[in-house]
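Encoded as C-alpha cells, the structure appears first; notes follow it.
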Amino acid sequence: MAKKQFAVIGMGRFGSSIASSLTEMGFEVLAIDSSEDKIQDAINKVTHAVSADSTDEEALRSLGIRNFDVVVVAIGEDIQASILTTLILKDLGVKMIVVKAQNDLHGKVLTKIGADKVVFPERDMGLRVAHHLISPNILEYIEISEDHSIIDLKAPEAMIGKSLKQLDIRAKFKCNVMAIKTNGQMNIAPYPDDLIRPDDVLVIVGRNADLSNLEIAYSEG
C-alpha cells in the first residue's frame, strides 16, 4: 500500500510540528507558507517546501494540492485566510481537510464550510495530531517519556478475529499490549489466546519509533 501524502499550509509552531513529525515518520510532506523565511526554515525538515499564497486558488491548483491524501491548514492568526483556504481546498476536491481553529466559533464555521476535522492547538499538540492523521484508529496518544508512549488503538479490520498470539505484536513491533477494552470493560491481563473483537480497543505501550511502525502497518483509509 502506498504511503499517504500530506500537505501542511502554514509553517508556524503548530504547522511545523505536524510537518516535521510526519516527515520523521517517513511520510512525504509538502510545506506551504507565504513567508519565504518560514519556508527556508522548513526546507530541511520536510520533503518539499514552497512559498505560495494559500488564498490563491490557481497557486494551490498548480501545486497539485488535490492529489494529496490529507491537507492540514495550520494558518496562525489570520482567520479570514484560514476560512478562504479551506473553501478553496473543498472546491478543488481535496479528500481530507484538517484545519486549526483559533476558537469555538472559528471551529463551527470551519465545520460548516466542509472541514473534515477541526483541531484546537491548546487541546491537540502537533505530535498527537500527526498520529491521528496516520491512522484514524488511534483514539489516544500519551507520551510517558521522551522515547516511550501509550496508544489506544481501535482494532482495525486486519486484527479482528485473530488472537494476541497470532498477531504477535511484541515480536513484530517490540510493543506490549497492556490491556484490551471490550464494551467498556477493561481486561488488564489479556491471555495470548484472547481473540480481538470488533470495536475492541488495545492499550499498547512501546518506544515511539516502534509504535509508529505499528501504526503505519495497521493504518487504514
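The values are calculated or read from the model by the stated rules, or taken from the named source; none is laboratory data. Owing to the predicted nature of the structure, the values given are computational and were not obtained by experimental measurement. So basically every Cβ, Gly included, is an ideal-geometry build from the backbone, and we count neighbours across all protein chains shown. Note: areas computed on protein heavy atoms with side chains; ligands, DNA, RNA excluded. Shrake-Rupley method; radii C 1.70, N 1.55, O 1.52, S 1.80 Å.
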Mind checking the full-extension length gain between ASP116 and ASP194? Use 0.36 nm per residue of separation minus the Cα-Cα distance, one decimal, nm.
24.5 nm
Spin-label model distance (nm) - ALA179 vs ALA217, 7 Å beyond Cα toward Cβ
2.4 nm
Whats the longest run of the chain with zero GluC sites (Glu not before Pro) that are DSSP loop and have at most 13 other Cβ atoms within 10 Å?
1-76
Label point distance in nm, ASP56-LEU105, each placed 7 Å from Cα along Cα→Cβ:
3.1 nm
Gain in length, LEU139 to GLU36, computed as 0.36 nm per residue apart minus the alpha-carbon separation, to one decimal in nm?
33.5 nm
Relative contact order of segment 119-176, defined on C-alpha pairs under 8 angstrom at six or more residues apart (%)
19 percent
Dipole magnitude of the chain about its Cα centre, charges +1 at Lys/Arg Cβ and -1 at Asp/Glu Cβ only, in debye to the nearest 20?
620 debye
Of the options MET178, VAL119, GLY161, report the single residue whose Cα projects farthest towards the positive end of the charge dipole of segment 112-221 (beta-carbon charges: Lys, Arg +1; Asp, Glu -1).
GLY161
On the protein heavy atoms, probe 1.4 angstrom, tell me the percent of accessible surface of the chain carried by carbon and sulfur.
49 percent
Treating every alpha carbon of the chain as one equal point scatterer without solvent, the Debye formula yields log10 I(q)/I(0) values at q = 0.13, 0.17, 0.18 Å⁻¹ of -0.77, -1.13, -1.22
Length-normalised contact order for the chain - Cα pairs under 8 Å, 6+ apart - percent:
15 percent
When the convex hull of the Cα atoms of segment 76-171 is projected onto a plane and the area is averaged over all directions, what value comes out in nm²?
8.5 nm²
Relative counts (whole %) of C-alpha pair distances in segment 94-136, using bins that are 10 Å wide:
28, 55, 18
What number, in percent, do you get for the relative contact order of segment 1-92 if the mean sequence gap of Cα pairs under 8 Å and at least 6 apart is divided by its residue count?
32 percent
Over the chain, with neighbouring protein chains present, the accessible area per residue in Å² at probe 1.4 Å is 52 Å²
Efficiency of FRET from Cβ geometry, ASP78 and HIS148, R₀ 35 Å, rounded to 0.05:
0.40
Rounded to the nearest 500 deg cm²/dmol, what is the calculated helix-only ellipticity per residue at 222 nm for the chain, with -39500 (n - 2.57) per DSSP H run of length n ≥ 4?
-9500 deg cm²/dmol
